[in-house]
Amino acid sequence: MPVPATSTPGPSVLDALALLTSVADDLVLATVRDTHDAVAKRSYGTLGLGLGPAVKPPQAVHRAIATTVFTGLGLALRGSSKGLDRLAATGVGPALEDDPRGRLLTAAVNGLIGDELLRDRPQLAIPMAVRHEGRDVDVYDPAAVAEAFPEATSRVVVFLHGLCEDEQAWQLHREHTGTTYGEALADDGWTPVFLRANTGLPIRRNGVALAALVQRLVDSWPTDVDRIALVGHSMGALIMRASAAVMAEGNAPAEWTTKVSDVVSLGAPHRGSWFAVGAGHTSRGLARLKETAAFGRIIDRQSEGITDLVEGLNEDVPPLGHARYRLVSATVTRTGHNPIGGIFGDGLVAPLSASGRDRQGRELFPDATVLRVGRTDHFGLLNHPRVLDALREWLAAAG
């Protein structure tokens with residue numbers, strides 16, 4: 001029997017097409033137009049140095065033709081977007097949630113512009129939710145939670161994906177490993193719970209939503225919860241850190257956090273991601289020339305969630321004093337001592353950042369256990385044999 005889902009209607013393929021035409025208008029077409037105008041202005045300016053006033057008539061004709069073409073294309077795209085929006089509002093068209101590829105597309109778009117979606121196209125914005133078989137579970141309904149987790153135990157391990165991912169990410173490489181972290185830990189008596197989040201939202205905002213969600217889940221759980229383990233990949237680990245810092249009434253720790261025994265971060269940019277920093281530098285560099293400034297604006301359109309990855313979460317989000325922290329970093333090289341591995345790490349996050357340390361030697365988690373995995377990338381940490389062995393060992397320890 002399918003698990004009862006929340007009553008919020010999911011987006012359809014038509015919603016996605018409406019977004020695509022809107023982006024084509026205000027991002028792609030605008031970029032081409034602005035770049036064309038800048039190149040044309042510089043070219044005619046150069047020609048004018050030699051030809052003088054003779055260049056003005058062809059320049060005016062060129063400008064008129066370009067304006068007509070770009071205006072026509074813009075009107076067509078805006079009209080198409082509005083038409084698709086109206087058609088999607090009638091409820092026709094296949095739902096994105098009904099297909100794994102549709103869910104992946106939704107997750108990726110939410111990571112890139114999720115804050116913008118929540119403001120302008122809320123039907124496409126992902127709510128923070130517990131997931132089961134591709135659907136949200138209503139954590140406010142104990143019967144729905146019991147149906148989703150018929151073999152619920154007192155030990156709950158919560159998984160949260162990273163940027164532009166969803167809960168399906170934890171299945172990566174299953175065809176090669178033969179299992180997943182959730183399946184293996186279920187054999188050890190844990191109940192795996194997979195979440196999905198709009199990773200385009202600010203990390204702290206997602207942390208507040210996660211704190212409320214986990215508290216509701218614990219309140220609706222079929223049995224008493226004795227122990228909670230948090231496992232986050234990349235940004236997911238930062239959101240989990242932020243959620244654990246949310247205070248309840250009277251500035252006391254939220255009730256569910258007292259049950260957290262272990263926090264495991266997999267390739268998390270605790271001190272920021274060199275990739276996010278590089279994107280900012282690239283944007284500023286492109287802005288120096290009018291011919292490339294429009295491409296810089298594309299980069300600048302990144303979500304608030306991505307912007308938060310520039311610095312990560314620092315000392316103002318302290319760890320839980322009673323929980324054990326396990327920090328996993330990866331390098332595409334055999335070891336992190338290789339200059340390439342030390343700088344680029346797993347391709348997105350450097351080992352120092354994943355370990356919560358900065359170049360001055362300051363540590364966010366001074367008592368943490370650190371595992372370094374070589375010859376794998378950022379996404380390899382989602383299902384890696386060495387990480388699985390470590391997880392089983394760490395969570396086998398007494399709570």
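The values are calculated or read from the model by the stated rules, or taken from the named source; none is laboratory data. Keep in mind that what you see is a predicted model, and the values were worked out from it rather than measured. So basically every Cβ, Gly included, is an ideal-geometry build from the backbone, and we count neighbours across all protein chains shown.
Tabulated results
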item: Options 371, 327, 313: the member that is part of a loop (DSSP other than H, G, I, E, B) and surrounded by 18 or more Cβ atoms within 10 Å (Cβ to Cβ); result: 313
item: Selected residue (only one of 354, 368, 396 is aliphatic (A, V, I, L, M) and closer than 23 Å to residue 275 by Cα); result: 354
item: Residues satisfying the stated conditions in segment 42-71, i.e. charged (D, E, K, R) and in contact (Cβ under 8 Å) with a residue 40 or more places away in the chain; result: 42
item: Residue 107 vs. criteria under 28 Å from residue 276 (Cα atoms), of a type in the set (Gly, Ala, Ser) and crowded, with 21+ Cβ neighbours inside 10 Å; result: yes
item: Subset of segment 77-101 [modelled with pLDDT of 85 or more, surrounded by 14 or more Cβ atoms within 10 Å (Cβ to Cβ) and hydrophobic (A, V, I, L, M, F, W, C)]; result: 95, 96
item: Residue count, segment 149-160 (criterion: assigned to a strand (DSSP E or B) and crowded, with 21+ Cβ neighbours inside 10 Å); result: 5
item: Odd one out for residue 196, checked against (1) over 18 Å from residue 106 (Cβ atoms); (2) touching an Asp or Glu at 6+ places or on another chain (Cβ under 8 Å); result: (1)
item: When residues of segment 351-365 are limited to those that are at pLDDT 95 or above and in a loop (DSSP other than H, G, I, E, B), the one farthest from residue 315 (Cα to Cα); result: 355
item: Segment 171-213 - residue that is within 14 Å of residue 229 (Cα to Cα) and among the small types (Gly, Ala, Ser) and, of those, surrounded by the most Cβ atoms within 10 Å (Cβ to Cβ); result: 211
item: Tally, over segment 385-399, of residues that are in contact with a strand residue (DSSP E or B) (Cβ under 6 Å, 6 or more places away or on another chain) and without any contact (Cβ under 8 Å) to a residue 40 or more places away in the chain; result: 1
item: Conditions (1) surrounded by 19 or more Cβ atoms within 10 Å (Cβ to Cβ); (2) touching an Asp or Glu at 6+ places or on another chain (Cβ under 7 Å); (3) under 25 Å from residue 183 (Cα atoms): number failed by residue 115; result: (3)
item: Verdict on residue 163 being in contact with a Ser or Thr (Cβ under 9 Å, 6 or more places away or on another chain), in a loop (DSSP other than H, G, I, E, B) and within 30 Å of residue 27 (Cβ to Cβ); result: yes
item: Enumeration of residues in segment 330-347 that are surrounded by 19 or more Cβ atoms within 10 Å (Cβ to Cβ) and in contact with an Asp or Glu (Cβ under 8 Å, 6 or more places away or on another chain); result: 330, 331, 346
item: Qualifying residues in segment 42-60 (those that are small (Gly, Ala, Ser) and either in contact with a Lys or Arg (Cβ under 9 Å, 6 or more places away or on another chain) or closer than 21 Å to residue 30 by Cα (or both)) - the one surrounded by the fewest Cβ atoms within 10 Å (Cβ to Cβ); result: 60
item: Among (1) under 26 Å from the mean Cα position of the chain (by Cα); (2) surrounded by 12 or more Cβ atoms within 10 Å (Cβ to Cβ); (3) among the charged types (D, E, K, R) - the single one residue 63 does not satisfy; result: (1)
item: Residue 108 being outside any strand (DSSP E or B), touching a residue at least 60 places away in the same chain (Cβ under 8 Å) and not polar (S, T, N, Q); result: no
item: Qualifying residues in segment 245-257 (those that are of a type in the set (A, V, I, L, M, F, W, C) and modelled with pLDDT under 95) - the one nearest to residue 327 (Cα to Cα); result: 245
item: Qualifying positions in segment 256-278 - free of Cβ contacts under 8 Å to residues at least 60 places away in the same chain and either in contact with a helix residue (DSSP H, G or I) (Cβ under 6 Å, 6 or more places away or on another chain) or not β-branched (Val, Ile, Thr) (or both); result: 256, 259, 276, 278
item: All positions within segment 132-148 that are buried (at least 22 other Cβ atoms within 10 Å of the Cβ) and in a loop (DSSP other than H, G, I, E, B); result: 139
